[in-house]
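The values are calculated or read from the model by the stated rules, or taken from the named source; none is laboratory data. Please read all numbers here as calculations on a predicted model, not as lab measurements. Ideal geometry is used to build each Cβ from the backbone, glycine not excepted, and the neighbour counts take in all protein chains shown. Side chains are part of the model used for accessible areas, which takes the heavy atoms of the whole protein and leaves out ligands, DNA and RNA. Shrake-Rupley method; radii C 1.70, N 1.55, O 1.52, S 1.80 Å.
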Amino acid sequence: MHLKCSSCSNTYDPNQLINLCRNCGAPLLVIHDLSPMPRVQSMRCDMWRYRDVLPKLDDDDIVTLGEGCTPLLKSTQFANVYIKDESKNPTRSFKSRGMAVAVTMAKKLGARSLAAPTAGNAGAALSAYGARAGLPVFVAMPRDTPQSIVDECRSYGAEVELVAGVITDAGKRVAQYIADDTNGRGFDLSTLKEPYRVEGKKIMGYELLDDLGRLPDAILYPTGGGTGLIGMWKAFDEMQQLGWIGSERPRMYTVQSSGCAPIVRAFDRKLDHAPEWESPHTGAWGLRVPRAIGDRLMLTALRDSNGGAIAVNEDEIEPAAAEMRQREGIDAGPEGGAALVALRELFERGTLSREETVVVFNTGGNKYR
Ligand SMILES: Cc1ncc(COP(=O)(O)O)c(C=O)c1O
Ligand SMILES: [Zn+2]
């Protein structure tokens, strides 16, 4: 296993705490040495059943709260549509998958404190996993983040600082916190600024293969920083190297809100990067990411998969989340609601057909109250 820059292809030793590529500043990804092997089922009922494709760790090194292996539920409303219900994770969002691996590795590699900016759920997950690891956590989040999330982070013992602006401003505050860190062992776990959150999120791709027995035709993914999208896309390549799938891939669709849709705009304009979205606003807090460091990786995945990107009307998001709760019985947050709005619209446009197998991600629960 080694780390490789996603842009300039420089490689790095994985046995060190490292953030971005020291040569060009792009995200680093984990490259595993994979060759064909049988798909054996481990007895574990959590994400660590896929340990063969995660960093090699002793049992005692793993910081886990039982994340992953979430249900893939058949929709009660739409034939051939399944909802991957990520609200069933610890701290009720898929952020726990990424933080489980990132906190595990940071601790193993010697971090003494952990910090991240957040739109909400990543901070809650980091707070819980930091507590589990016995490491202090610093979380910076926009001042207008729902109080329930601030309270949740503090309830796990994290230090929370509210900053003016949005998640990119919180990111600057975290960078400052790390720079001020006198013992030099504070570690920044911002989205894609370290290589292991992607590793946790990629497991969603592996689970889909086990859930369905094959990959779906299309995936609708509410997108902010894009860790899950990038992770699943990476997982499919790994699964091909393992001999578990062929060259087929699901079409990947990014879902964003009309109030903050930098990836959709960049996709539509055929750009290879996504310029910052001015004055971002959305009640789907996890999607309020005006500028993403993984923009190039996301746009590549969307295009190479023959998928797309769709901005849904902000006003339709919360009603759709309520519909998912009331018609499906699923603890749906607004991000999942956005994906449901996108599903309908892509059916109407004919981009998705009713015969295709489609997976909609409900990335988190109804937590913002
Ligand atoms: C519930 C929820 N959905 C989606 C996202 C976006 O996730 P990603 O950064 O993987 O694109 C977030 C991020 O905060 C979130 O909390
Ligand atoms: Zn580089």
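Placing one identical point scatterer on every Cα of the chain and ignoring solvent, what is log10 I(q)/I(0) from the Debye formula at q = 0.12 Å⁻¹?
Computed log10 I(q)/I(0) values: -0.83.
Would you mind working out the accessible area per residue for the chain, using a 1.4 Å probe, and quoting it in Å²?
38
Tally up the carbon and sulfur contribution to the accessible surface of the range 287-360 as a whole percent, 1.4 Å probe, everything protein left in place.
C and S atoms contribute 41 percent here.
Report the full-extension gain for the segment D237 to L109: residue separation times 0.36 nm, less the Cα-Cα distance, to one decimal in nm. List each step's numbers first, then the result.
Numbers: separation 128, 0.36 × 128 = 46.08 nm, distance 2.71 nm.
Gain in length upon complete extension: 43.4 nm.
So if R0 is 25 Å, what FRET efficiency would H273 and K172 give, r being the distance between their Cβ atoms, rounded to the nearest 0.05?
For H273 and K172, the calculated efficiency is 0.80.
Taking N as the number of residues in the range 191-327, what is its Cα Rg relative to 2.2 N^0.38 Å?
1.06
Express the relative contact order of the range 172-242 as a whole percentage, based on alpha carbon pairs under 8 Å and six or more residues apart in sequence.
With pairs under 8 Å counted, the relative contact order is 33 percent.
Among A179, A235, A261, which one shows the highest mean-square fluctuation when the chain is modelled as a Gaussian network with alpha-carbon springs under 10 Å?
Between A179, A235, A261, it is A179 that shows the largest mean-square fluctuation.
Show the residues, 5+ positions off or on another chain, whose built amide H is closer than 5 Å to the amide H of A140.
A116, T118, E161
Over what distance in Å are the Cα centres of the range 278-338 and the range 344-369 separated?
10
Is there a pair in K172/K270; K4/K193; K4/K107 whose C-alpha atoms are over 24 Å apart, and which pairs would that be?
K172/K270, as the Cα separations exceed 24 Å there.
Taking every alpha carbon pair in the range 55-147, what does the distance histogram look like in 10 angstrom bins from 0, in percent?
P(r) over the range 55-147, rounded to whole percents: 16, 40, 28, 13, 3.
In square angstrom, rounded to the nearest 10, how much accessible surface does I330 have for a 1.4 Å probe?
10
Which one of L29, C8, M43 is farthest out on the positive end of the charge dipole of the range 1-61, using unit charges on Cβ (Lys, Arg +1; Asp, Glu -1) and the Cα centre as origin?
Farthest towards the positive pole: C8.
To the nearest 20 debye, what is the magnitude of the charge dipole of the range 41-146 about its Cα centre, counting +1 on the Cβ of each Lys and Arg and -1 on the Cβ of each Asp and Glu?
Values: 15 positive and 10 negative charges, 23 e Å.
Roughly 120 debye, rounded to the nearest 20.
If R0 is 35 Å, what FRET efficiency do you get for L162 and R185 from their C-beta distance, rounded to 0.05?
The formula returns an efficiency of 0.90 here.
Mind giving me the FRET efficiency for L212 and M1? R0 is 30 Å, r the Cβ-Cβ distance, nearest 0.05 is fine.
0.60
Which order, highest average first, do 130-137, 84-91, 40-47, 276-283 follow once you tally other Cβ atoms within 10 Å for each residue and take the mean per peptide?
84-91, 130-137, 276-283, 40-47
Could you give the size of the charge dipole of the chain about its Cα centre, using +1 on the Cβ of each K and R and -1 on the Cβ of each D and E, expressed in debye and rounded to the nearest 20?
Rounded to the nearest 20 debye, it is 320 debye.
At what distance in nm do the modelled label points of D52 and D13 sit from each other, each positioned 7 Å from its Cα along Cα→Cβ?
Placing both labels 7 Å beyond Cα along the Cβ direction yields 3.0 nm.
Can you compute the modelled spin-label distance between C24 and S353, with each label point 7 Å from Cα toward Cβ, in nm?
So the two model labels end up 3.9 nm from each other.
Can you list the aspartates and glutamates whose alpha carbon is less than 13 Å from that of K108, not counting same-chain residues fewer than 8 positions off?
D58, D59, D60, D61
On the protein heavy atoms, probe 1.4 angstrom, tell me the percent of accessible surface of the range 89-232 carried by carbon and sulfur.
Within the range 89-232, the accessible surface is 45 percent carbon and sulfur.
Over the chain, what is the relative contact order in percent, taking alpha-carbon pairs closer than 8 angstrom and at least six residues apart?
After rounding, I find 18 percent.
For the chain, what is the mean residue ellipticity at 222 nm derived from helices alone (per DSSP H run of n ≥ 4: -39500 (n - 2.57); sum divided by total residues; nearest 500 deg cm²/dmol)?
Helix contribution divided over all residues of the chain: -10500 deg cm²/dmol.
For the range 113-119, take each phi angle, set θ = phi - 60°, evaluate the Karplus expression 6.51 cos²θ - 1.76 cosθ + 1.60, and give the result in whole Hz per residue in order, putting x for glycine and proline.
Taking θ as phi minus 60°, the curve returns 8, 10, 9, 7, x, 8, 8 Hz for the range 113-119.
Sorting check: for 314-321, 16-23, 148-155, which peptide has the highest mean count of neighbouring beta carbons within 10 Å, and how do the rest follow?
In descending order of packing, they fall as 314-321, 148-155, 16-23.
Quick one: give the max-minus-min coordinate of the C-alpha atoms of the range 100-156 along each principal axis, largest first, in Å.
On the principal axes, the range 100-156 reaches 34, 17, 16 Å in Cα extent.
Give the peptides 214-220, 196-202, 53-59, 32-38 in descending order of average Cβ contacts within 10 Å, highest first.
196-202, 214-220, 53-59, 32-38
Hey, if you put +1 on the Cβ of every Lys and Arg and -1 on every Asp and Glu Cβ in the chain, which of A124, G213, G98 ends up farthest toward the positive end of that dipole?
G98
Just how far, in whole angstrom, is the range 1-68 from the range 140-183 if you go by their alpha carbon centroids?
27
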